[in-house]
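Worksheet: one structure, shown below.
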Amino acid sequence: MANTNRAEVRTAIHSRIRRKVKGSTERPRLAIYRSLKHISAHVIDDLVGQTLVSASSTEKDLRNAGSGGNLDAARRIGQATAERALAKGIEQVVFDRGGYLYHGRIKALTDAARAAGLNKNEVVAEPEAEEQAPPPEQPTEKKSKKKKQE
């Protein structure tokens, strides 16, 4: 029988991801946790088992009049995490989405962290580049065999 408990399914997905994603001293893991009301991010060195940097929407200086569980809060947390990590000399991280889909608040947090300077070589393609792409070539007409025989 399939498991229908959403929390257990996410935990199983997260454990599968953690088998592959490991943080090291050179490139620690950026782990993301989101709840309905808040979002948090931690930069973790898995070899030592230590949290190097963290940011959460429950902190007073990152809290806003609005909710901590929206896209704006996720962008603030991503930017704050990146600034704190860069201050400690961490420039490269491995993103751990925590079993959540890479969509919405998770994507906003990681994009804000990249824009603030984490993983400079993984800059997200800007929409302007897509618009400037040349139009696709029109398919050429194929000649039928009957015309070749005539």
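If only one of ALA85, ALA129, ALA108, ALA112 is outside any loop (DSSP other than H, G, I, E, B), over 15 Å from the mean Cα position of the chain (by Cα) and either closer than 29 Å to ALA7 by Cα or modelled with pLDDT of 70 or more (or both), which one is it? Even if it seems obvious, please write down each step before you answer.
Details: ALA129 fails: either closer than 29 Å to ALA7 by Cα or modelled with pLDDT of 70 or more (or both); ALA108 fails: over 15 Å from the mean Cα position of the chain (by Cα); ALA112 fails: over 15 Å from the mean Cα position of the chain (by Cα).
Going through ALA85, ALA129, ALA108, ALA112 in turn, just one is outside any loop (DSSP other than H, G, I, E, B), over 15 Å from the mean Cα position of the chain (by Cα) and either closer than 29 Å to ALA7 by Cα or modelled with pLDDT of 70 or more (or both): ALA85.
Total residues in the stretch 33-49 satisfying the condition of being outside any loop (DSSP other than H, G, I, E, B), among the small types (Gly, Ala, Ser) and either exposed (fewer than 12 other Cβ atoms within 10 Å of the Cβ) or out of contact with any Phe, Trp or Tyr (no Cβ under 7 Å at 6 or more places or on another chain) (or both): the figure is 1. Exactly one residue out of LEU30, LEU52 is within 15 Å of GLY99 (Cβ to Cβ), surrounded by 13 or more Cβ atoms within 10 Å (Cβ to Cβ), among the hydrophobic types (A, V, I, L, M, F, W, C) and at pLDDT 90 or above, and it is LEU30.
Contact map, the stretch 1-14: first residue outside any helix (DSSP H, G or I), second residue surrounded by 10 or more Cβ atoms within 10 Å (Cβ to Cβ), Cβ cut-off under 7 Å, separation 6 or more or different chains; pairs are ASN3/VAL9.
Checking each residue in the stretch 63-80 for being surrounded by fewer than 19 Cβ atoms within 10 Å (Cβ to Cβ) and either of a type in the set (A, V, I, L, M) or in a loop (DSSP other than H, G, I, E, B) (or both) picks out ARG63, ASN64, ALA65, GLY66, SER67, GLY69, ASN70, LEU71.
SER57: buried (at least 20 other Cβ atoms within 10 Å of the Cβ), over 23 Å from LYS120 (Cα atoms) and at pLDDT 90 or above, yes or no? Spell out how you get there, then give the answer.
Details: buried (at least 20 other Cβ atoms within 10 Å of the Cβ): yes; over 23 Å from LYS120 (Cα atoms): yes; at pLDDT 90 or above: yes.
When the stated conditions are applied, SER57 passes them.
Residue under question is LEU101, and the condition is that it be under 18 Å from ILE13 (Cβ atoms), out of contact with any strand residue (DSSP E or B) (no Cβ under 8 Å at 6 or more places or on another chain) and of a type in the set (A, V, I, L, M, F, W, C); does it hold? So LEU101 fits the description; yes.
Selection of the stretch 88-99 for residues being at pLDDT 90 or above, surrounded by 18 or more Cβ atoms within 10 Å (Cβ to Cβ) and not in a strand (DSSP E or B) yields ILE90, VAL93.
The values are calculated or read from the model by the stated rules, or taken from the named source; none is laboratory data. These figures come from a predicted structure and were not determined experimentally. FYI the Cβ positions are ideal-geometry reconstructions off the backbone, even for glycines, and counts take in every protein chain you see.
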